[in-house]
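The structure appears below as structure tokens.
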Amino acid sequence: MTETLADLAGLTREFSAHNYHPLPVIAATASGVWVTDVAGRRYLDMLAGYSALNFGHRHPRLVAAARRQLDRVTLMSRAFDHDQFGPFCAELAELAGMDMVLPMNTGAEAVETAIKVARKWGYEVRGVPDGQAVIVVFDGNFHGRTTTIVSFSSDPDAKNGFGPYTPGFVSVRYGDMPALKSVFAAYGPRIVAVLIEPVQGEAGVIVPPPGFLAGVRELCTSAGALMIADEIQSGLGRAGATFACSLEGVEPDAYLLGKALGGGIVPVSAMVSTRPVLGVLRPGQHGSTFGGNPLACAVGREVIAMLRTGEYQARSAELGARFHARLRALPSSVVSSVRGRGLWAGVSFRSLDGRAVCERLLSLGVLAKETHGTTIRLAPPLVITEDELDWALERFTEAVLTG
């Protein structure tokens, strides 16, 4: 017997920890930009798994790559090598213009890897006294939910109740160059890295002021610190370029990648950096049983091959211009600001409740998610057509103006 939406929702409520408050839809199938629920109703996905689905649901090339690998070998652990690992690392390093890759699984694992590597690099290469390393972060950041990462979060929902907190981090207001310079002056040679999202996603798709990323790069270079760009959401085509940093002409010392790297099929993440940085790790000092597994590498290699053409980056940039123009045409009496890059936008309302707007969108056949009360994030798959985008934006306008 087929279980109804009410049956499935009841199982979730009873047997799942309540760490999420999902909208009342239960997906059964999906393809491209469309999701079909258990009752057979279709929705256009304007969230795309927080950018994990940049290439849409079940992209044929990615599904084919996964199926080929499923018939060969899926897991070896890093105790042994396999024929997908070296090529994946080489191809991702080339895409990023870097030397080396350390594959992991989730975005949070990539961030934790970067924290460990930056500290070890600071002690062994920079000569920072043991235990004195400082990493500079920014208010409004979202880098994951491990105990170390939430220690430097400014979001009370993510942080409160999970202490004691890990020391070694100093937070600065995002986009505030004078404040950042003051921190560098205060902590000087103890600063081993600046960890930054080139666009803050969870905060509401916040774009820094022009020149800010370049200023961070200059400060890091002058101080001999690492600039580590968390492009887990902003990278791999989402912002209209392979990496959002490049839109400001900036090259960091390391990229942190995830979400879209797994093609919406498997969790894949990585720290991509130079040989002097990742070269500080030696056998036994860091690892992951599933990190760099054959299935993940096979899917990741196909993602990289798709990005090499530049097609998806161009689609994001071109459709993104249309996307933002339509959103900015919404009345200023209702919408206080529209921000973003490429096919990625944060829309903030003057008084509308974001959750209520998302529930109206759901009734109109569109999936989206609010953040911080009065803001909605929109991030459709990069495979969306112009007509599909227009249809979704018409529904968005209806949901906003009838609020």
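Within the stretch 343-357, the set of residues being assigned to a helix (DSSP H, G or I) and either under 23 Å from P381 (Cβ atoms) or basic (K, R) (or both) comprises G354, R355, V357.
For beta carbons closer than 8 Å, sequence separation of 6+ or different chains, a first residue in the stretch 372-395 that is exposed (fewer than 15 other Cβ atoms within 10 Å of the Cβ) and a second that is acidic (D, E), the qualifying pairs are G373/D353. Filtering the stretch 66-77 to residues that are touching a helix residue (DSSP H, G or I) at 6+ places or on another chain (Cβ under 8 Å) and loosely packed, with under 14 Cβ neighbours inside 10 Å leaves R68, L70, R72, L75.
The one condition from (1) touching a Gly at 6+ places or on another chain (Cβ under 8 Å); (2) more than 16 Å from P252 (Cβ to Cβ) that M100 does not meet is (2).
What residue, of R339, R322, R328, R275, is surrounded by fewer than 17 Cβ atoms within 10 Å (Cβ to Cβ), basic (K, R), in contact (Cβ under 8 Å) with a residue 12 or more places away in the chain and touching a strand residue (DSSP E or B) at 6+ places or on another chain (Cβ under 9 Å)?
None of the others qualify; the one that does is R275.
If you go through the stretch 36-60 and pick out every residue that is without any contact (Cβ under 8 Å) to a residue 60 or more places away in the chain and either surrounded by 14 or more Cβ atoms within 10 Å (Cβ to Cβ) or among the hydrophobic types (A, V, I, L, M, F, W, C) (or both), you end up with 4. Considering the conditions (1) within 12 Å of V299 (Cβ to Cβ); (2) free of Cβ contacts under 8 Å to residues at least 24 places away in the same chain, T74 is excluded by exactly one of them, (2). Pairs are defined by a Cβ separation below 9 Å, a sequence spacing of at least 6 or placement on different chains, a first member in the stretch 197-224 that is free of Cβ contacts under 8 Å to residues at least 40 places away in the same chain and outside the structural domain of P178 (by TED's automatic domain parsing), and a second member that is surrounded by fewer than 19 Cβ atoms within 10 Å (Cβ to Cβ) and among the hydrophobic types (A, V, I, L, M, F, W, C); no pair meets this definition. Flag not set for V63, criterion: over 25 Å from the mean Cα position of the chain (by Cα), surrounded by 14 or more Cβ atoms within 10 Å (Cβ to Cβ) and either of a type in the set (A, V, I, L, M, F, W, C) or not assigned by TED's automatic domain parsing to the domain that holds H143 (or both).
The values are calculated or read from the model by the stated rules, or taken from the named source; none is laboratory data. Predicted model only: the values in this text are computed from it and were never measured. FYI the Cβ positions are ideal-geometry reconstructions off the backbone, even for glycines, and counts take in every protein chain you see.
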